[in-house]
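First up is the structure itself, then whatever we jot down about it.
Taken together, the values in this text are just the output of simple stated rules run on the coordinates, not laboratory data. Quantities reported herein were computed from a predicted structural model and do not represent experimental measurements. In this analysis, Cβ positions are derived from the backbone assuming ideal geometry, glycine residues included, and neighbour counts consider all displayed protein chains.
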Amino acid sequence: MSEPIAMADQDSIIDVNDVSMIFNIASEQFNSLKEYFIALMRHELRFKEFRALDHIDFHVRRGEAFGLVGTNGSGKSTMLKVIAGVLKASEGCCQVRGTIAPLIELGAGFDMELTAKENIYLNGSLLGYRKDFIDAHFQEIVDFAELQDFMDMPLKNYSSGMVARIAFAIATITEPDILIVDETLSVGDFLFQQKCERRIKELVDSNNVTVLLVSHSIDLVERMCDRVCWIEKGKQRMLGPTAEVCAAYKRLGA
Amino acid sequence: MDAVSREAQISAKDAWYSGRSKDWFILEQLVTKDFKLKYRRSVLGVAWSVLNPLFMMLVLAAVFSSFMRYQDPSMGNYAVYLILGNTAFQLMSDSTTQGMSSIIAAAPLLKKVKINRYIFPVQKVLFAGVNYAFSIVAIALVMLVERVPLGPTALLWPFALLMLILFSIGLALLLSALSVFFRDVMHLWSVVITAWTYLTPLFYPVSVLPEWLRGLEMFNPMYVYVTYIREVVLYQQVPSLKMHIACVACALVSLLVGYLSFHRHEHKFILYI
């Protein structure tokens, strides 16, 4: 137990302290007032507990590339939501020091009817960027996404890969303290994925940016990450250097 | 050259807003988005914001003016009476109907990025406010055509609008929070809005109402706002102190109830959207 505490003192940027996430799954879903009150009157509001995360505990250091792996429905996304601050842990606590830049996917911070240019400003504002900053770095974003000729086209004419390019370009134009990279990236073509990997490497090497990578592509995790946490059915199965954890994780399929 | 020096000034490290200015920039972006989307691909574009209240007023005037006019001569110019009431009511009904579903609509975003959630209902109210600004052009046109003069009392108009907007923000916050947990609020609210339209003296004078109902109108916030606006714009009177207090009180009570209920439950939104 002494090791994590020592790490928490040392420049750690994400502290996940014994986090559990419990969802109350109503035995019935109440979507109408009438149903709800009838159940309330009859004292029939019963809930079933579901532990999406069960005592997860890890610490990520500044400038580290940290991977989260696990099979579908094992709680990776829930973990990300807790780290991003949109979901509050039911037990334990999660502390994050610094700015977070997630890759915003299609349908979230983008509007299909707006042009790519308008979307860059919209998206930037949602990430908390300053307007003058976006003005100054607009060309850089466009260049990185390689979509110069399509800037005034509504996003609905874009392919999902093109949108992912913009999302990545916006999120990495700054030096966020934490960059969250998830499956959004996987829709890009291989050339762009390589470019993204190089950019992520650059950010990691600068030692200022912490990258949190969630992917089903175990190769990508192996190439990028320093350490990996394997979450399985909400439980922390393994935490350690990439090679060890990935090897163990891969044995799952063997 | 200029761009380069600016780029040097704003390094990648301090790209972020701190505190409230972030929310303002998001609101600005979202309201601009709403505005652009509303008129994209329409030939007349923004002109519709002016034409809409005008057409509405013309239809109502054509139907009701002949028999309303004899009911109560103190109504003054009927066309102006109509458009002032309708546009103010529209501001509230647009704000609340749009604001109500705003949290649910923003679900994909709220699941991913930490954003102050109140932004979305407020966005819809501000957008309705922008639309009201355009209908002021329509009101001005009607007043010009009907030769209704505008007095210095109209300076109190913005005050009434501000209170009406605060009142709408409170309602939108409350409704958006409620609708997250109970979707049938959305269906219920359209009934409430319809009933409210008829219970507010928009196209009739308050004097046609039976005695008991007239007494109740003082408790109808929309009656308060509509009457206030008509007094300062159409009748060129300074409303009574009681009216001022009512305007402020309705706004504050709504804002307080809206804020408290929203704030108390907002951390649970994510589990239901």
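Here the Gaussian network model covers chain A, with springs between Cα atoms less than 10 Å apart; of A:PHE190, A:PHE23, A:PHE37, A:PHE37 fluctuates the most. Our note on the geometry: Cα centres of segment B:134-181 and segment A:162-179, 41 Å apart. Only helical runs count toward this figure. For chain B, summing -39,500 (n - 2.57) over DSSP H runs of n ≥ 4 and dividing by all residues gives -24000 deg cm²/dmol at 222 nm. For the cross-link pairs A:LYS88/B:LYS114; A:LYS76/A:LYS195; B:LYS38/B:LYS124, the ones whose C-alpha atoms lie over 22 Å apart are A:LYS76/A:LYS195. Once the Cβ-Cβ distance of B:LYS38 and B:GLN237 is raised to the sixth power relative to R0 = 30 Å, the FRET efficiency obtained is 0.25. Dividing the summed -39500 (n - 2.57) terms of all DSSP H runs of n ≥ 4 by the residue count of chain A sets its mean residue ellipticity at 222 nm at -11500 deg cm²/dmol. Using θ = phi - 60° in the Karplus curve 6.51 cos²θ - 1.76 cosθ + 1.60, the 3J(HN,Hα) couplings for segment A:159-169 round to 7, 5, x, 5, 5, 4, 4, 5, 4, 5, 4 Hz; x is entered for Gly and Pro.
The mean sequence separation of alpha-carbon pairs under 8 Å and at least six residues apart, normalised by the residue count of segment A:126-254, gives a relative contact order of 16 percent.
The simple spin-label model puts a point 7 Å past each Cα toward its Cβ; for B:THR194 and B:LEU162 those points are separated by 3.7 nm.
Taking every DSSP beta bridge that has both ends in chain A, the antiparallel portion is near 60%.
Just checking the listed ones, B:GLN237, B:GLN98, B:GLN90: in the Gaussian network model of chain B with Cα springs under 10 Å, the one fluctuating most is B:GLN237.
Distance from the C-alpha centroid of segment A:216-232 to that of segment B:71-104: 58 Å, rounded to the whole angstrom. Amide hydrogen proximity for A:GLN236: with H placed 1.01 Å from N in the peptide plane, the residues at 5 or more positions away or on another chain lying under 5 Å are A:ASP54. Neighbour counts of C-beta atoms inside 10 Å place A:GLU140, A:GLU105 in the sequence A:GLU140, A:GLU105, starting with the fewest. Once R0 is set to 30 Å, what does the formula 1/(1 + (r/R0)^6) return for the Cβ-Cβ distance between A:LEU40 and B:ASN116, expressed as a FRET efficiency to the nearest 0.05? For A:LEU40 and B:ASN116, the calculated efficiency is 0.45. Phi angles across segment B:230-237 convert, under the Karplus curve 6.51 cos²θ - 1.76 cosθ + 1.60 with θ = phi - 60°, into 3J(HN,Hα) values of 5, 4, 7, 9, 8, 8, 6, 10 Hz, Gly and Pro given as x. Sorting the segments B:116-122, B:153-159, A:73-79 by their mean number of nearby beta carbons within 10 angstrom, highest to lowest, gives B:116-122, A:73-79, B:153-159.
Taken along the Cα-to-beta-carbon direction at a fixed 7 Å, the label points for A:ARG198 and A:ASP57 span 4.3 nm.
Entry note, chain A: relative contact order of 26 percent, from Cα contacts under 8 Å with a spacing of 6+ residues. The calculated FRET efficiency for B:VAL253 paired with A:ASP219, based on their beta-carbon distance and R0 = 41 Å, is about 0.10. Taking every DSSP bridge with both residues inside the protein assembly as shown, close to 60 percent are antiparallel.
Kindly work out what percent of the DSSP beta bridges joining two residues of segment A:108-254 are antiparallel, to the nearest 5. Expressed as a percentage, antiparallel bridges in segment A:108-254 total about 65.
Please list 3J(HN,Hα) in residue order for segment B:196-208, calculated via the Karplus relation 6.51 cos²θ - 1.76 cosθ + 1.60 where θ = phi - 60°; whole Hz, with x for glycine and proline. Whole-Hz 3J(HN,Hα) from phi for segment B:196-208: 5, 4, 7, 7, 9, x, 8, 10, 10, x, 5, 5, 7. By the count of neighbouring beta-carbon atoms within 10 Å, fewest first, B:TRP24, A:TRP230, B:TRP189 end up ordered B:TRP24, B:TRP189, A:TRP230. For the peptide B:115-121, the mean number of other protein chain Cβ atoms found within 10 angstrom of a residue's Cβ is 1.
Per-residue mean of foreign Cβ neighbours for A:116-129 is 5 (Cβ atoms of other chains, 10 Å radius). So if I take the centroid of the Cα atoms in segment A:51-98 and the same for segment B:208-273, what is the distance between those two points in Å? That distance is 45 Å.
For the residues B:PHE127, B:PHE89, B:PHE67, a GNM of chain B with alpha-carbon springs under 10 Å puts the largest fluctuation on B:PHE67.
For segment B:18-272, calculate the relative contact order in percent as a whole number, restricting contacts to Cα pairs under 8 Å that are 6 or more residues apart. Walk me through the intermediate numbers first.
Details: 284 pairs, mean separation 69.8, N = 255.
Answer for segment B:18-272 is 27 percent.
Only Lys, Arg, Asp and Glu carry charge here, each on its Cβ (+1 for the first two, -1 for the last two); on that basis segment A:65-181 has a dipole of about 560 debye about its Cα centre.
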